[in-house]
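S.K.: Pasting in a structure now, in C-alpha cells, and then I'll have a few things to ask.
Coordinate-derived values only; no laboratory data. The structure presented is a predicted model; accordingly, all values stated were derived computationally and were not measured. No Cβ is skipped: glycine too gets one built from the backbone with ideal geometry, and neighbour counts run over all protein chains shown.
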Amino acid sequence: MSKAVNYHKQGYNCAESILKSFNDENKLSIPVSLGTPFGSGMAVGSTCGAITGAMIAVGAVSGRETETVPNASRTYANELMNQVKEKYGTYECRELKKQGVSCNEIICYMEQQLKNFYR
C-alpha cells in the first residue's frame, strides 16, 4: 500500500495525504495544513484534493518567492495536469467519482506522478 493511501486510511483527506507522503519521501516539512481545505474537491466536489495536494507540493519545491524569478513550477504543473486529463478526462472530484475512480486510486496516481517528477 502506498504511503499516501495509508495516511488517507488514517483519516487525512486526499490533499493532506499527498503532502504527508511527499514530505516523508523527500525529507521536507511542507505544512500539511495547507491541504486541509482542499479535501473532497475543495469541499464542494470541484478540483480533486489529490491533484491540489500535488500542486501544493510542486509549488513548495519549484515555486518562486519573487516576481523577478522565472516561474519554474509552471512546467511541472502543466505536465502533471495534462497527465491527469489524459488518464481520467477530468480534474473534478465529483466527475472522478461518477467514473468510479476511488480516492485511493487517484491518490496513488498523484503520488506516483510526483515521484516521477522529483527523482
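S.K.: If packing is taken as the mean number of other Cβ atoms within 10 Å per residue, what is the order of 78-89, 42-53, highest first?
M.R.: With the highest mean Cβ count within 10 Å placed first, the list reads 42-53, 78-89.
S.K.: Then there's this: For the chain, what is the calculated [θ] at 222 nm in deg cm²/dmol (nearest 500), taking -39500 (n - 2.57) for each run of four or more DSSP H residues and dividing by its residue count?
M.R.: Computed ellipticity for the chain at 222 nm equals -19000 deg cm²/dmol.
S.K.: Eigenvalues of the Cα gyration tensor times 5, then square-rooted: what semi-axes does that give for the chain, in whole angstrom, largest first?
M.R.: Largest first, the chain gives 21, 17, 13 Å.
S.K.: Still on this structure: How do 99-107, 12-20 rank on mean C-beta neighbours within 10 Å, highest first?
M.R.: Put in order of decreasing packing, that is 12-20, 99-107.
S.K.: Using only Cα atoms, locate the centre of the range 1-45 and the centre of the range 91-109, then give the distance between them in Å, rounded to an integer.
M.R.: About 15 Å separates the Cα centre of the range 1-45 from the one of the range 91-109.
S.K.: In terms of Cα to Cα distance under 28 Å, which lysines are near enough to Lys97, apart from those fewer than 8 places away along the same chain?
M.R.: Result set, ordered by chain and number: Lys3, Lys9, Lys20, Lys85, Lys87, Lys115.
S.K.: Percent relative contact order of the chain, based on C-alpha pairs within less than 8 angstrom and at least six residues apart?
M.R.: Dividing the mean separation by the residue count of the chain yields 28 percent.
S.K.: Does the range 1-48 come out rounded, prolate or oblate by the C-alpha gyration tensor, with a ≥ b ≥ c the root eigenvalues, rounded set by a/c under 1.5 and, if not, prolate when a/b is larger than b/c and oblate if not?
M.R.: It comes out oblate by the Cα gyration axes.
S.K.: Counting only other residues whose beta carbon sits under 15 Å from that of Ser29, what net charge do I get with K and R as +1, D and E as -1?
M.R.: -1
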